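*Asks:* Just passing along the structure, written as structure tokens.
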Amino acid sequence: MNIRRAVEADIPRLGELLLQVCRVHHEGRPDLFREDGRKYSEEELRELLQDGERPILVAAGDGGRVLGYAFCVYQRHRNEGSFNDMTTLYLDDLCVDESCRGQHVGQGLYQAVLDMARENGCYNVTLNVWTCNPGAMRFYECCGLKPQKVGMEVIL
């Protein structure tokens, strides 16, 4: 497995994986997520690939097929009220193809995210995970992540 920055040729495969993520979220919260939606359009993906503040990593198998991705965002906090100045690498989205789960693709991607954060002087790596996705929650807990804050809701 090779972990690298995503390139334009990866866009169709990224789109397929984005649909997989949306289906998982739709199954857990059909009131919030469309079954056939995706987080980013092809044009938005092209723009993200050019944005140095929003790196996308992919895990490619032996034949070059993209097995998973990690969308990241550098968040630079400076002079924000009571918070200390710091740079955070926000893990916006991580997906492993459903046919490859359990083969350490996610662990490899997550480790690459940590390495990138360290290399770029980040204080921490943060992410959000939907409670309707217990598999993702278990994965992140196994990676050593701990809750930082909790989002709550009431449906009216």
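*Asks:* For Glu80, only one of the following conditions fails: (1) more than 20 Å from Val113 (Cα to Cα); (2) open to solvent by less than 30 Å² (accessible area, probe 1.4 Å). What is its number?
*Replies:* For Glu80, the failing item is (2).
*Asks:* Which residue is surrounded by the fewest Cβ atoms within 10 Å (Cβ to Cβ), if the candidates are limited to region 8-63 and must be in a helix (DSSP H, G or I) and of a type in the set (Gly, Ala, Ser)?
*Replies:* Within region 8-63, the match that is surrounded by the fewest Cβ atoms within 10 Å (Cβ to Cβ) is Ala9.
*Asks:* With the structure loaded, tell me whether Leu156 is open to solvent by 60 Å² or more (accessible area, probe 1.4 Å), out of contact with any strand residue (DSSP E or B) (no Cβ under 6 Å at 6 or more places or on another chain) and either basic (Lys, Arg) or over 19 Å from Leu14 (Cβ atoms) (or both) or whether it fails that test.
*Replies:* Taking the combined requirement at face value, the residue satisfies it.
*Asks:* Then there is this: Do you know which residues across region 100-110 are surrounded by 12 or more Cβ atoms within 10 Å (Cβ to Cβ) and of a type outside the set (A, V, I, L, M, F, W, C)?
*Replies:* Arg101, Gln103, His104, Gly106, Gln107, Gly108, Tyr110
*Asks:* Name the pairs: first residue in region 1-27 and more than 14 Å from Ala59 (Cα to Cα), second residue among the charged types (D, E, K, R) and in a helix (DSSP H, G or I), Cβ to Cβ under 6 Å, at least 6 apart or on different chains?
*Replies:* Sorted first by the residue in region 1-27, then by its partner, the pairs are Gln20/Glu98.
*Asks:* Within the set of pairs 6 or more residues apart or between chains, which connect a residue that is farther than 18 Å from Glu119 by Cα and free of Cβ contacts under 8 Å to residues at least 24 places away in the same chain inside region 35-58 to a residue that is open to solvent by 50 Å² or more (accessible area, probe 1.4 Å) and of a type outside the set (A, V, I, L, M) with Cβ atoms less than 8 Å apart?
*Replies:* Filtered contacts from region 35-58: Glu35/Arg23; Leu48/Arg54.
*Asks:* Further question: Give the residue, chosen from Asp97, Asp92, that is among the acidic types (Asp, Glu), open to solvent by less than 70 Å² (accessible area, probe 1.4 Å) and free of Cβ contacts under 8 Å to residues at least 40 places away in the same chain.
*Replies:* Going through Asp97, Asp92 in turn, the sole match is Asp92.
*Asks:* Of the residues Val73, Val113, Val125, which is open to solvent by less than 50 Å² (accessible area, probe 1.4 Å), in a helix (DSSP H, G or I) and of a type in the set (Val, Ile, Thr)?
*Replies:* Just a single option satisfies the conditions, and that option is Val113.
*Asks:* Say whether the condition of being over 23 Å from Cys22 (Cα atoms) and within 15 Å of the chain's Cα centre (by Cα) is met by at least one residue in region 58-70.
*Replies:* Within region 58-70, none of the residues are over 23 Å from Cys22 (Cα atoms) and within 15 Å of the chain's Cα centre (by Cα).
*Asks:* Still on this structure: In this structure, does Gly68 turn out to be within 21 Å of His25 (Cα to Cα), without any contact (Cβ under 8 Å) to a residue 40 or more places away in the chain, in contact with a strand residue (DSSP E or B) (Cβ under 6 Å, 6 or more places away or on another chain) and surrounded by 13 or more Cβ atoms within 10 Å (Cβ to Cβ)?
*Replies:* Criteria not met by Gly68.
*Asks:* Among the residues in region 129-146, are any open to solvent by 40 Å² or more (accessible area, probe 1.4 Å), assigned to a loop (DSSP other than H, G, I, E, B) and basic (Lys, Arg)?
*Replies:* yes
The values are calculated or read from the model by the stated rules, or taken from the named source; none is laboratory data. Please read all numbers here as calculations on a predicted model, not as lab measurements. With ideal geometry, Cβ positions are generated from the backbone for all residues, glycine too; neighbour counts draw on all protein chains shown. In case anyone asks, the SASA skips ligands and DNA or RNA and just uses the protein heavy atoms, side chains included. Shrake-Rupley method; radii C 1.70, N 1.55, O 1.52, S 1.80 Å.
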